[in-house]
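Below: the structure, in structure tokens.
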Amino acid sequence: MTKATLNKSGIATVAGDVTIYSYAIGTREYMETAVEYLAVGVGIPANSCTEKPPEPKPGFAICRTANLVEWEYVADHRGETVYSNETGESVIVSLPGDYPDGTTTLAPATPYDKWNGSEWVTDTEAQHAGSVEAAEQQQAALLAEAQTTISLWQTELQLGIISDEDKTSLIAWMKYIKAVQAVDSSKAPDISWPDKPE
């Protein structure tokens, strides 16, 4: 195998084979090693160089420097989960380099946590308001279900054709409805919902 001779610009002055090391366009991360045949006057392919990259190192990607003159180790957190300091939403790191700006590796404990610059702090007022809203929705859903359950019995009662068994069930469900209505949603999340009748 004839080895190519390259000038300072990476153009072959003597035809032959050359080992090249290619890197990704955006991240400049080392991709692969290949042997290329270069004719006289032909340069090495774009996004490649003839300098061998260093040995892999755990936790780092091997990338060309911004000026493309040498290799460097760049922190590699790809696949890790970080959290937005603004919204608390999780983000999977997809590029080599430091963690994305405006993120932290600390997960918020609740949907109501706010980032204070060094840790998550729960906004207890917003958390309570969210719990109250959820309790009000739960209360409305339980009452709607109960009303659906007793509607036929109420009609039978008005027509005087209700059976004793259905009348007993209607009374039990009416007591349940009153108990659900009596629940104070402002005490959420410390709420104990009444049991549905059998």
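Laboratory data are not the source of any read-out in this text; all were calculated from the coordinates shown. This one's a predicted model, so the numbers in the text were calculated from it and none came from an experiment. Positions of Cβ are generated from backbone atoms using ideal geometry, with glycine treated the same way; all protein chains shown enter the neighbour counts.
Net charge of the neighbourhood of Ala75, taken over other residues with C-beta under 13 Å away and scored Lys/Arg +1, Asp/Glu -1, is -3.
Inter-label distance, Lys114 to Glu80: 2.8 nm, where each label sits 7 Å from its Cα along the C-beta direction.
In plain terms, the residue of Ser169, Ser118 with the fewest other Cβ atoms within 10 Å comes first and the most crowded comes last, giving Ser118, Ser169.
Between Met31 and residues 5 or more places away or on another chain, which pairs have amide H atoms under 5 Å apart, with H built 1.01 Å from N, and which residues are they? Amide H to amide H, under 5 Å and 5 or more residues apart or across chains, Met31 pairs with Ser22, Tyr23, Ala24. Axis angle, to the nearest 10 degrees, between helix 164-182 and the longest C-alpha principal axis of the chain: 60 degrees.
Write down the percent of antiparallel bridges among all DSSP beta bridges whose residues are both part of the chain, to the nearest 5. If I count the DSSP bridges inside the chain, around 95 percent turn out antiparallel. Put a dot 7 Å past the Cα of Val91, heading toward its Cβ, do the same for Ala39, and the two dots end up 4.8 nm apart. Averaging the Cα positions of each part gives two centres, and for the range 126-195 and the range 42-96 these lie 59 Å apart.
Summing +1 for each Lys or Arg and -1 for each Asp or Glu, what net charge is found among the other residues whose Cβ lies under 13 Å from the Cβ of Lys3? That sum, taken over residues with Cβ under 13 Å, equals -2.
Couplings 3J(HN,Hα) for the range 55-66, derived from phi with the Karplus relation 6.51 cos²θ - 1.76 cosθ + 1.60 (θ = phi - 60°), are 5, x, 9, x, x, 9, 9, 9, 10, 6, 5, 4 Hz, where x marks Gly and Pro.
Applied to the range 183-197, the Karplus parametrisation 6.51 cos²θ - 1.76 cosθ + 1.60 on θ = phi - 60° returns per-residue 3J(HN,Hα) values of 5, 8, 5, 5, 8, 4, x, 7, 10, 10, 7, x, 6, 6, x Hz, with x for Gly and Pro. Each of Glu125, Glu136 has some number of other Cβ atoms within 10 Å of its Cβ, and from fewest to most they run Glu125, Glu136. If you take all other residues with their beta carbon under 14 Å from the beta carbon of Ile177, and give Lys and Arg +1 and Asp and Glu -1, the sum is +1.
Between the listed residues Leu152, Pro189, Ser118, the Cα displaced farthest toward the positive end of the dipole of the range 107-198, a dipole computed from Cβ unit charges relative to the Cα centre, is found at Leu152. In the chain, the longest principal axis of the Cα atoms and the axis of helix 124-159 are about 40 degrees apart.
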